[in-house]
Structures are given as C-alpha cells and as structure tokens.
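Data first, discussion second: the structure below is written as structure tokens.
Taken together, the values in this text are just the output of simple stated rules run on the coordinates, not laboratory data. What you see is a predicted model, and the numbers here were worked out from it, not measured in a lab. Here the Cβ is made from the backbone with ideal geometry for all residues, glycine too, and neighbour counts use every protein chain on show.
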Amino acid sequence: MKSTVQFIISFCILLGCRLTTHAQSNNTSIKRAAVAVFIPLEIDGAFNGNNYSLGNNNLPKSMLPGLDFYNGVMMAVDSLNKLNTPIDVIIIDSKQKNKDLSVILQDSSLQTVSLIIGAITSKPDTKIIADFAAIHHIPFISAIFPNDAGVTANPYFTILNPTLKTQCEAISNYLQNNFAKNTILYCKKKGATEDYIQTIISGSNSKQAISFLNIELQDSIVFSDILPYLDSTKQNILMCGSLKESFGAALVKVLNENPTYKTVVIGMPTWDGLKTMDMPNVEIVYASPYYFNGNEKLLKQLTANYKLKYLGRPSDQFFKGYETMLYFTNSLFAKSIPVFNSFKINPVLNTSNKSQIDYQENKNLYFFRKQNGQIKTAKPYTY
C-alpha cells in the first residue's frame with residue numbers, strides 16, 4: 001500500500017486536472033493523433049488543498065480500479081513509444097469534485113481528438129461522453145462498462161464489455177449447443193432483473209429443442225429445496241439466473257456439499273474471478289469477454305514490469321487498460337493485432353428501425369469451464 005500511495009502522490013502532482021503525454025515518432029510525415037482517456041480516478045478526493053490527506057494505509061478501494069486502469073494505459077503508451085507511434089495522450093479524471101464532466105468536455109482540445117477511451121462505470125457519464133462523441137464524430141470505446149447507457153443512433157459508441165442482454169443471448173445459445181438433450185434446472189430468485197434474464201435466456205430458445213424446469217428459490221438456499229429435481233444417476237445441469245453473487249455462491253455451496261449428485265452450474269458474468277465459486281465437487285460455466293492468458297509471454301512480461309514499478313501484482317483493470325489503449329490506438333494507423341483477446345465489433349440495430357445503428361458492441365465472449373478454482377477449458381464464442 002505504501003508504494004501505491006507514493007505513486008499516487010507523484011501522479012497527482014503531474015496530473016492536476018489532466019495529464020498530456022506524447023508518444024514520439026521519427027517520421028514527421030505521419031499525421032499525429034490525439035487520444036483522450038477518461039478514468040474515474042477521484043484524485044482531488046485524496047487531497048485537502050495541496051496536502052495529501054489519506055495517509056499510507058487509507059487509499060479508498062474505489063480509487064484502485066481506476067488507478068490500475070491508468071497504470072495499464074501508461075504502460076501501453078510506453079509500448080507505443082517504442083513503436084514511434086505519433087500520438088498525444090490526454091488523461092482526464094472524470095470524477096473531479098469541482099468540475100462536472102459536461103464542463104470538462106467544453107475544452108476545445110477535446111473536440112479534435114481522434115479517439116476516446118473510457119473506463120467509466122456510470123450510466124449518466126457514459127451517456128454524456130457518448131453524446132459528445134456523436135456530435136464531434138469521434139469513436140468512443142467504453143472499455144469496461146456492460147451497459148448501453150440508453151444510447152441510440154450513435155455508431156461512434158462502442159461497448160467492449162457486452163451488455164447483459166448480449167451475454168444472456170450468448171448463454172442461451174451455449175445451452176442449446178451443449179446441453180440440448182438435457183432438461184436445464186433453471187434456478188432463480190424473485191426480482192425484476194431475474195425476470196429479465198429468464199425472459200432472454202428461455203425466450204431465445206422458444207423455437208428450439210432445449211427444455212427448462214423452473215425452480216424459484218429464496219436467498220438462503222438449502223439442499224432440500226433442490227433435491228426433488230436432482231437425479232443421482234446422471235449429470236445435472238443447473239442454470240443460475242441471478243446476478244446476485246451471494247445467491248449463486250449459496251447454490252454452488254449446497255451442491256458441493258452433496259457430491260452424490262454430479263452437477264454443472266451455468267452462471268452469470270459476475271462469476272468471473274469469484275473465489276466463492278471455487279468448489280471441488282461442482283463444475284461451473286460462465287462467460288466473459290476477457291481472457292488474459294492468450295499471450296502468456298506478454299502477460300509475464302507486463303506482470304514483471306508492474307511488480308518492479310509498483311511492488312505488487314496487477315489486477316484485471318491494468319490489463320484492460322493496457323489492451324484497450326494499445327489495440328485501439330494502433331487501429332488509428334493500421335490493422336490492429338489482438339493483444340490478449342479477440343474483439344468482434346458488430347453494429348447493434350435499433351429494434352424499431354433496422355436501418356439505424358444504435359451503437360457498436362463486442363460480440364466475442366469466452367466460455368470458461370472451471371472446477372476447484374482451475375480452468376478446465378476457455379473457448380472463444382462469437383455471438
């Protein structure tokens with residue numbers, strides 16, 4: 001933590017309201033491009049005037065994802081420098097206490113950038129930047145937020161982390177392709193979001209052969225609630241239709257405690273990285289657009305560089321920042337080469353007007369089969 005605080009202090013001195021860095025190029029004939037990166041760093045919340053106020057052990061957890069995304073972006077800038085990429089990079093703290101995002105976007109220099117990247121996780125802020133990008137015809141890559149933020153008629157807006165609707169449609173197709181001969185035990189709790197998820201997953205298969213048996217459960221699951229539906233003579237396939245992590249964890253736990261019944265549980269995108277799902281007697285399946293093992297040599301190199309610089313281990317936000325910055329900046333000059341993940345960016349058409357593109361969305365997911373914390377398979381799936 002001390003090394004992180006030392007870094008953030010020096011970072012704040014450089015940043016102020018924003019930081020501009022340059023990737024140098026020896027070829028002056030190539031036109032330079034500007035890339036604006038919006039990250040909710042909340043830097044001014046760490047200061048009382050000009051004095052750092054959080055101490056060595058009080059860095060808020062809310063700041064850490066943005067800080068690690070920033071670390072990834074800046075390490076990507078180092079890589080771009082080595083390639084003599086002619087870019088100017090503007091880092092903007094989207095969570096400034098005394099300056100709204102709409103005011104920040106009035107800066108004339110932002111209206112001429114070639115690319116916007118955002119690590120924004122707020123619907124209103126995502127919509128504000130997307131509207132700005134549409135007005136000025138600037139591609140805006142939403143790197144981590146799985147939400148369309150109500151954006152329509154905006155082909156400049158791209159969602160890398162697919163929306164819940166897309167994820168559920170992909171799960172539905174996965175069930176059809178892998179478990180069409182099984183009866184899927186569909187486990188859910190009461191709730192509007194749960195009803196929405198069920199409508200998509202079961203509705204997508206309304207004209208297909210897959211069969212669901214619906215089981216409504218309470219938050220506190222006991223094995224007797226599920227036992228009447230299980231068969232000890234074959235593998236049981238369960239679908240967990242809730243984003244609530246504690247509900248999914250409770251379901252996996254009671255099944256793990258009764259290994260007589262062999263089970264596979266298909267879960268939600270929120271299961272990615274959850275240690276509570278690491279059980280020896282239950283195989284879990286979930287989807288994620290990110291798989292940071294595809295380039296093991298680069299992964300080890302970046303991890304070593306991060307440890308040397310920050311005395312810690314990088315989070316997934318670091319790799320997302322690095323990959324998004326490197327991949328999409330390179331796309332301004334030439335065809336991008338995948339860093340870790342393959343992206344398939346497809347237009348999402350308006351439901352009422354099929355000639356209107358509402359936004360662009362990554363339709364490539366990885367389906368993980370995992371047991372006892374170990375990945376058994378990780379297969380790309382393009383929906």
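The spacing between region 82-152 and region 329-383, judged by their C-alpha centroids, is 21 Å. Across region 361-373, computed HN-Hα scalar couplings (Karplus, 6.51 cos²θ - 1.76 cosθ + 1.60, θ = phi - 60°) run 9, 6, 10, 9, 10, 10, 9, 9, 10, 9, 8, 6, x Hz from first to last residue, x flagging Gly and Pro.
Between helix 192-203 and the chain, what is the angle of the helix's C-alpha long axis to the longest principal axis, kept within 0 to 90° and rounded to the nearest 10? Roughly 70 degrees, rounded to the nearest 10.
Here, the chain is characterised by an Rg to Rh ratio of 1.00, where Rg is the alpha-carbon radius of gyration and Rh the Kirkwood radius.
The length gained on full extension between Asn346 and Asp78, counted as 0.36 nm times the residue separation minus their Cα-Cα distance, comes to 93.5 nm. Fewest-first ordering of Val265, Val254, Val37 by other beta carbons within 10 Å of each residue's beta carbon gives Val254, Val265, Val37. So if R0 is 56 Å, what FRET efficiency would Lys253 and Ser108 give, r being the distance between their Cβ atoms, rounded to the nearest 0.05? Efficiency at R0 = 56 Å is approximately 0.50. Between Phe223 and Arg313, take the C-beta separation as r, use R0 = 41 Å, and let me know the FRET efficiency to the nearest 0.05. Efficiency for this residue pair is about 0.65. For Phe212, the residues 5 or more places off, or on other chains, whose built amide H falls under 5 Å of its own are Ile184.
Taking other C-beta atoms within 10 Å as the exposure proxy, Glu245, Glu257 rank Glu257, Glu245 from fewest upward.
Compared with the dominant principal axis of the Cα atoms in the chain, helix 123-136 is inclined by about 50°. What is the helix-to-structure angle for 316-330, meaning the angle in degrees between its Cα long axis and the longest Cα principal axis of the chain, kept from 0 to 90 and rounded to the nearest 10? Taking the Cα atoms of the chain, the angle to 316-330 is about 60 degrees.
From most to least packed by mean Cβ count within 10 Å, the peptides 140-149, 270-279, 297-306 give 140-149, 270-279, 297-306. Comparing Asp78, Asp231, Asp44 in a Gaussian network model of the chain where C-alpha atoms under 10 Å apart are linked, the largest mean-square fluctuation is found at Asp231. Here region 106-200 is assigned +1 on the Cβ of each Lys and Arg and -1 on the Cβ of each Asp and Glu. Its dipole about the Cα centre then comes out at about 440 debye. Exposure proxy shown here: for Arg313, Arg32, the number of other Cβ atoms within 10 Å sets the order, fewest to most, as Arg313, Arg32. Charges were assigned to the Cβ only: +1 to each Lys and Arg, -1 to each Asp and Glu. The resulting dipole of the chain about its Cα centre is roughly 800 debye. Note on region 227-383: Cα convex hull, mean projected area over all directions, 13.2 nm².
Between the residues Ile91, Phe212, Phe343, the greatest Cα displacement towards the positive end of the dipole of the chain, with unit charges on the Cβ of Lys, Arg, Asp and Glu, is found for Phe343. Put simply, when 150-159, 185-194, 125-134 are sorted by average Cβ atoms within 10 angstrom per residue, most first, you get 125-134, 150-159, 185-194.
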